[in-house]
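Reading through the structure tokens given below for one structure.
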Amino acid sequence: MMRLFAFLWLIAVLSAGGYLLARVNHGLNFHTDLMALLPREDQNPALQHANDVATRALSHRVVIMVGHKDKAAVYAAAKEIAHQLATSGLFDMTTSGFDKDRLRQIGTFYYPYRFGLLSDEDYDNLKAGHGQAIAGRALSQVYGVVGLANGQLLHSDPFLLMPSFLTSLPLPLSRLSLDDGMLSLQDKDTTWVMIAGQVEGEPFALDVQKQVSDFFDRAVNSQRTIYPDIQVLHLGAVFFAKAGAEEAMGETSTIGIASTIGTILLVMIMFRAIRPLIVSLLVIGVGIMTALSISLLIFGELHVGALLFGISLIGVCVDYSLQYCSEVFSPHIGTPQERLKRVLAGITLGTATTVIGYLTLYLAPFPGLHQIALFSAVGLLAAWVTVVLWLPLLDRHTVLSRKQPMLTIAKEFLAFWETSKYHRLRKSLVALLVVLGIIGFLRFHIDDNVRHMQSLSSSLVTQQETIQKLIGASASNQFFLVQAPDDETALQSEEKLTERLRPLIAAGDLTGFQSPSQYIPSAARQKENRLLQGEQLYKPLLAQQTLKLDLATTPAMPSEQSPVLTLAEASKSGKPLGFLSTLLLDKGQGEVTHMVALDGVVHPEAVTAAAEGITGIHLVDPTGDFSRLLGKYRNRAIALLALSAALMTPLLIWRYGFRKGLWIMVPPSLAVILAPSLRCLAGGTFTFFDAMALVLVLSIGVDYAVFCAETSGKRKVVTILAVTMAACTALLSFGLLALSRVMAVHNFGATMTTGILLSFLFAPMACSASKKHQG
Amino acid sequence: MTRHFLLAFLFLFPSSIAFAANANAGQVVMGNSDILRGRFIEERNLKGFNGPMNSEGHFVVAPEHGVIWGVEKPFPTTTVITPSGLVQSVGGINVMRLPAQKIPFMLHLYDMLGGVLAGNWKALETDFTVARSGDDQNWQVLLLPRRTDNPAMPFSSITVSGHQFVENVVLLKPDGDSDTLTFLNEALSSKPPSAAEKLAFNSVHP
């Protein structure tokens with residue numbers, strides 16, 4: 001009968017494997033975009049969508065700076081790199097299409113609409129009735145130092161309002177000037193040329209990262225061979241993501257190798273056989289493969305974060321195979337089936353409580369947690385089936401030397417909890433831990449800042465800083481979203497916002513901003529500008545100005561017929577203001593979404609306050625949002641932890657009765673409560689990743705306690721031995737993560753280490769409880 | 001367009017002032033803390049205008065501080081340019097302020113200024129071919145843009161001539177407009193700038 005079930009399970013596992021293989025063949029992609037984990041419970045779907053579009057656009061951006069002392073060399077190299085990237089199909093290079101005459105074209109484009117255009121300063125001056133100052137400025141420019149005007153322009157713009165408007169435009173990247181079709185700047189003795197563009201694919205997909213970075217390296221290296229002294233700086237989410245993934249992989253392999261070697265040594269020393277190791281790996285392998293296959297079937301795709309956490313959570317199943325394998329140390333070894341029978345109740349209860357714990361994560365409305373919950377629950381169930389159905393069949397164990405030094409240690413450890421000799425020591429230890437826990441709790445420190453969680457590549461951070469210093473723009477991924485029924489309304493809202501943002505720049509709260517309304521004033525504002533020009537300048541001062549300038553013909557006056565510039569016209573591709581389209585996100589049904597880009601936000605509160613009371617304007621702060629999201633996840637994880645503890649308890653009560661059932665929850669609960677406190681006592685912080693570790697600590701703790709509760713008499717030592725082994729492997733696989741430089745991983749590992757040690761330490765309390773209860 | 005005006009404006013400094021350096025044997029060497037003061041007469045020919053536009057005034061060049069260009073006729077206008085930017089005022093009221101970060105090229109040119117004052121023509125050789133003629137008593141330098149198709153280059157030629165100091169500068173623009181500058185009463189002083197001059201230089205700081 002067992003053989004039949006084992007065979008059926010084999011078929012099931014093979015089909016899962018087959019499905020997985022088919023998916024891999026079609027190219028399996030894991031998402032690495034943290035934003036993909038965002039909860040879809042946001043109040044405003046339009047805002048969410050606009051936010052996604054803007055954030056995505058930012059994450060696709062790539063900036064490359066090429067520098068060399070020889071101007072000709074840097075131009076040649078930059079042109080070639082830009083050309084190679086543009087023709088690769090991986091990049092959409094925006095600067096390669098930069099026309100030589102762009103600025104002249106911008107001037108020509110605006111010219112017909114000049115009566116509706118005014119710089120903010122001129123607008124203020126005319127509103128205040130200072131037309132004479134503007135007329136004087138025009139004269140001073142004509143007669144001043146060198147000609148700031150040409151004859152032709154003066155005949156159509158005698159007050160030189162156009163040059164004033166054009167210089168007031170917030171042309172992005174102000175330190176760069178256009179020279180020979182390239183954006184360049186001079187820094188000391190080095191000429192830098194900027195190449196910018198967008199990554200075509202998904203910057204958080206591992207294969208895109210690899211292709212992009214390989215191609216980029218090739219393009220750069222091809223120029224390095226020609227110009228060995230060339231300097232190349234690059235910036236973009238895709239590069240950060242790749243460096244992050246590489247570092248994670250590098251670390252994972254180091255930590256992974258250490259933990260694998262440790263585990264192998266441990267099992268070899270304990271069992272003096274390779275088989276327990278192989279079956280344990282088989283159990284984990286089947287668990288992970290089945291989990292992956294079923295999750296892909298259900299979710300279609302998986303996030304890499306869910307995958308990593310899921311695999312960690314499934315790792316617990318090694319405890320079950322160790323429980324089974326350790327039975328060979330029992331006084332009565334018996335047949336494999338008999339051995340299974342002895343541990344079956346323990347591991348089944350362990351699996352049931354753990355699956356409850358993991359499935360609780362499904363109750364949170366976070367896509368990330370859904371994936372983790374399903375993945376780990378499926379994996380754990382598959383691992384349990386494998387232990388129960390396959391392990392006895394694969395077991396070829398016959399005789400084993402009973403001399404086990406570890407058994408002696410296990411015996412002593414048990415004695416610590418069970419003999420009256422250690423009574424006082426026991427109490428003092430628990431009291432000490434509780435006191436330390438309370439002190440630690442008082443120093444409890446929560447940290448959700450996403451910037452702290454990652455370890456950003458320091459070389460890339462330096463490059464980013466250098467680029468920002470060079471081009472004179474500071475990175476700010478915050479921006480305003482403007483939602484309105486139509487462009488005109490949006491532009492008017494932006495004009496209100498602009499008026500409030502200008503003083504903030506003067507106050508140093510913000511370095512700069514770019515709003516569509518600065519390039520294209522609303523029709524209402526254009527009309528007002530035209531009236532101001534007519535009433536304050538042309539009517540009172542034109543005759544005098546014409547005379548003073550000695551113009552050959554009298555310039556035209558602003559009139560009702562003066563054309564009005566529209567956003568639709570200006571943002572057409574191919575027009576010199578085509579770059580505006582990056583600020584115009586979406587044109588949906590009866591709604592438009594604009595973006596107001598921000599540079600160097602120093603005081604986010606002041607900037608947020610600027611938008612208050614203007615309908616349809618929201619500040620978007622992806623980093624802040626993500627930190628808040630981590631905070632939300634952290635709170636949810638803690639709530640779910642409590643909930644899963646509450647859901648596990650009835651199962652234990654059903655098995656052990658009310659008092660004992662509750663008592664079994666005491667050791668894992670102590671571990672879960674004390675672990676974060678002790679971590680904070682040691683100067684650590686509490687993050688979402690610590691909360692996730694606690695979910696695992698609870699499951700592991702309940703497992704250990706259940707194993708102890710299920711054992712009795714002479715088997716106790718064997719159970720403790722198996723628990724010791726389980727704790728050692730858990731420490732080897734999770735504890736080593738504490739060595740990671742990535743704070744998220746480090747915190748996870750550190751809390752796991754503390755939690756596992758505490759769970760292990762307190763586990764025999766469940767044995768003593770059972771004795772008390774039964775006795 | 002504006003860029004062009006700005007460039008035209010900026011290019012003048014190395015051409016009009018900076019050349020008052022020791023590039024030619026007869027030129028006076030100007031130290032970093034020295035101040036050159038003098039008067040100028042400018043004749044500007046713009047297409048579409050009835051006649052040339054003439055102006056005159058005084059100027060101050062202090063390598064450590066900046067440049068003051070004070071037009072007296074026909075309209076009093078003062079322009080102050082320093083490494084931080086440019087400020088133009090009429091009757092004591094600022095009518096234009098351009099911070100250096102808005103026109104980064106200025107910073108570069110301002111840096112070049114020092115080099116040229118010390119007689120280092122190399123700084124200009126990236127953008128111009130430099131041809132010298134004449135003798136110590138009457139030297140002439142002709143600057144021709146290396147590239148004529150560069151829209152950022154506002155001049156078709158610059159001619160500088162002088163003796164101890166620069167005496168004449170002729171700027172020709174591609175569209176046919178031209179400027180002729182004549183410098184008079186030039187004098188070098190090693191005293192620090194006057195209080196009024198200091199005030200003017202400081203007014204540029206944002």
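The values are calculated or read from the model by the stated rules, or taken from the named source; none is laboratory data. Since the structure is predicted, the reported quantities are computational estimates derived from the model, not experimental observations. For neighbour counting, all protein chains shown are included, and Cβ atoms are generated from backbone atoms with ideal geometry for every residue, glycine included.
Summary of computed values
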read-out: Test: A:VAL450 is within 25 Å of A:ALA738 (Cβ to Cβ) and more than 35 Å from the chain's Cα centre (by Cα); value: no
read-out: Failed item, numbered, when A:LEU380 is tested on (1) assigned by TED's automatic domain parsing to the domain that holds A:GLU710; (2) touching a Cys at 6+ places or on another chain (Cβ under 7 Å); value: (1)
read-out: Strands (runs of 3 or more DSSP E) enclosed by the stretch A:159-223 - at least 1 residues per element that are at pLDDT 85 or above and more than 9 Å from chain B (Cβ to nearest Cβ); value: A:190-199
read-out: Near pairs, Cβ below 8 angstrom, 6+ apart or cross-chain, from the stretch A:410-427 (touching a residue at least 40 places away in the same chain (Cβ under 8 Å)) to any residue that is acidic (Asp, Glu) and surrounded by 15 or more Cβ atoms within 10 Å (Cβ to Cβ); value: none
read-out: Enumeration of residues in the stretch A:616-653 that are in a helix (DSSP H, G or I), farther than 30 Å from A:VAL355 by Cβ and of a type in the set (Val, Ile, Thr); value: A:THR623
read-out: Qualifying residue in the stretch A:229-238 (condition: touching a helix residue (DSSP H, G or I) at 6+ places or on another chain (Cβ under 9 Å), surrounded by fewer than 14 Cβ atoms within 10 Å (Cβ to Cβ) and either of a type in the set (A, V, I, L, M, F, W, C) or assigned to a helix (DSSP H, G or I) (or both)); value: no
read-out: Filter pass, A:VAL74 being part of a strand (DSSP E or B), modelled with pLDDT of 75 or more and either surrounded by 18 or more Cβ atoms within 10 Å (Cβ to Cβ) or not aliphatic (A, V, I, L, M) (or both); value: no
read-out: Any chance A:TRP663 is at pLDDT 90 or above, surrounded by fewer than 20 Cβ atoms within 10 Å (Cβ to Cβ) and within 21 Å of A:VAL355 (Cα to Cα); value: no
read-out: Condition broken by A:ILE467, with the remaining ones in (1) touching a Ser or Thr at 6+ places or on another chain (Cβ under 9 Å); (2) in a helix (DSSP H, G or I) satisfied; value: (1)
read-out: Pair list, Cβ < 6 Å and 6+ apart or interchain, from the stretch A:55-81 residues that are within 14 Å of chain B (Cβ to nearest Cβ) to residues that are part of a helix (DSSP H, G or I); value: A:HIS68/A:VAL74
read-out: Identity of the residue in the stretch A:112-146, surrounded by fewer than 24 Cβ atoms within 10 Å (Cβ to Cβ) and charged (D, E, K, R), that ends up farthest from A:GLU499 (Cα to Cα); value: A:ARG114
read-out: Options A:GLY631, A:GLY684, A:GLY657, A:GLY613: the member that is free of Cβ contacts under 8 Å to residues at least 40 places away in the same chain and outside the structural domain of A:GLY368 (by TED's automatic domain parsing); value: A:GLY613
read-out: Elements of type helices (runs of 4 or more DSSP H) contained in the stretch A:488-606, each with 3 or more residues being modelled with pLDDT of 85 or more; value: A:516-519, A:523-532, A:539-549
read-out: Residue in the stretch A:330-347 that is crowded, with 16+ Cβ neighbours inside 10 Å, within 41 Å of the chain's Cα centre (by Cα), assigned by TED's automatic domain parsing to the domain that holds A:LEU282 and touching a residue at least 40 places away in the same chain (Cβ under 8 Å) present; value: yes
read-out: Residues located in the stretch B:82-96, provided they are of a type in the set (A, V, I, L, M, F, W, C) and more than 8 Å from every other protein chain (Cβ to nearest Cβ); value: B:LEU86, B:VAL87
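Rundown of residues vs (1) surrounded by fewer than 15 Cβ atoms within 10 Å (Cβ to Cβ); (2) at pLDDT 70 or above; (3) in a loop (DSSP other than H, G, I, E, B), yes/no style:
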| position | (1), (2), (3) |
| --- | --- |
| B:SER133 | yes, yes, no |
| B:LEU143 | no, yes, no |
| B:ALA152 | no, no, yes |
| B:PHE155 | no, yes, yes |
